[in-house]
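I have placed the structure first, in the form of C-alpha cells, so that the comments after it can refer back to it.
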Amino acid sequence: MTTTPDNLLLLTLNVNGEEHEVITEPRRTLVDVLRHDLRLTGTHVGCEHGICGACTILVDERPARACLMFAAQAEGARIRTVESLADPASGELSDLQRSFTEHHGLQCGFCTPGFLMLADGFLAERPDATKDEIREVVAANLCRCTGYQTIVEAIDSCATARRAGCAKTCTANEETACS
C-alpha cells in the first residue's frame, strides 16, 4: 500500500486469482472498488450496513460483507466474487450455480450472488452440512422473493452431489492404490 500526495492509496488486490492495482481513497469500501473500478458488478450493493448479504464475497475463502470492508483492508487477501464461480474459458456454470437454477433458488436474482458466495464458502468449510445447518447459515442473507426453501434445497442438493462425487473418487483411488 502506497500513499500519494493527494491522500490516495495505491493498492494491489488479488481478485479472482488476478492482481489489480487500484488508486483509491483510504475509506472507500471494497464493494465500491469491485463494482466501479474493477467492473465486477456481480457483487450487489443492497443495504450498505452489512445486514442484507447482497455484497457477500469470499475473503481468504471465508464469507465477508464487501460493504463493511475498506478496500485497503483487503490488500494481501485472496478475494473471490461471484464471477469466480463459472468456468472462465467456457462460461459453464459451477455445480452450485446449476443447482440454484435447477431448484429455482432465485427469482429476481438480486440476492443470488450473495447467497452463492455464502454457500460456496460454507460448503468448503462444512461439506457434510445438514439441511438445518444450511437453513441457519442462509438466514444471514435476505431474500424478498423465494421464501428460502428453494435456496436451502439448492445448497443441500449441491452438497449431496459433491459428497457423492467425492465418495466415487475416493473409492476409485483406493481401488487403484490397492491393485
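The values are calculated or read from the model by the stated rules, or taken from the named source; none is laboratory data. Please read these numbers as outputs of a predicted model, since none were measured by experiment. So basically every Cβ, Gly included, is an ideal-geometry build from the backbone, and we count neighbours across all protein chains shown. Each accessible area value is taken on the protein alone, full model and side chains, heavy atoms only, with ligands, DNA and RNA left out. Shrake-Rupley method; radii C 1.70, N 1.55, O 1.52, S 1.80 Å.
Size descriptors for region 31-82, from the alpha-carbon set: Rg then Dmax equal 9.8, 27 Å. In order along region 54-66, the phi-based Karplus estimate (6.51 cos²θ - 1.76 cosθ + 1.60, θ = phi - 60°) of 3J(HN,Hα) comes to 4, 9, 5, 10, 10, 10, 6, 6, 10, x, 8, 8, 5 Hz; Gly and Pro are listed as x. Considering helices alone, the calculated mean residue ellipticity of the chain at 222 nm is -11000 deg cm²/dmol, with DSSP H runs of length four and up weighted by -39500 (n - 2.57) and normalised per residue.
For region 99-113, the Karplus equation 6.51 cos²θ - 1.76 cosθ + 1.60, evaluated at θ = phi - 60°, returns couplings of 5, 4, 5, 4, 9, 6, x, 8, 10, 6, x, 4, 7, 4, x Hz by residue, with Gly and Pro reported as x. For His36, the solvent-accessible surface computed with a 1.4 Å probe is close to 100 Å², ligands and nucleic acids excluded.
As a length-normalised measure over Cα pairs under 8 Å and 6 or more apart, the relative contact order of the chain settles at 20 percent.
Name the trypsin sites (Lys or Arg not before Pro) in region 1-54 that are in a loop by DSSP and that have at most 10 other C-beta atoms within 10 Å, would you?
Answer by residue number: Arg27, Arg39.
Measuring with a 1.4 Å probe in the full set of protein chains, what accessible area per residue, in whole Å², belongs to the chain?
Per residue, the chain has an accessible area of 54 Å².
Couplings for region 82-97, taken from phi via the Karplus curve 6.51 cos²θ - 1.76 cosθ + 1.60 with θ = phi - 60°, read 4, 4, 7, 6, 6, 5, x, 6, 9, x, 5, 5, 6, 4, 5, 5 Hz in order; Gly and Pro are left as x. The H on the amide N of Ala77, modeled in the peptide plane, is under 5 Å from the matching H of Asn14, each at least 5 residues off or on a different chain. On the chain, 53 percent of the accessible area sits on carbon and sulfur atoms, based on a 1.4 Å probe. Once backbone amide H atoms are built at 1.01 Å from N, Phe70 has Leu30 as its partners under 5 Å, excluding neighbours fewer than 5 places away on the same chain.
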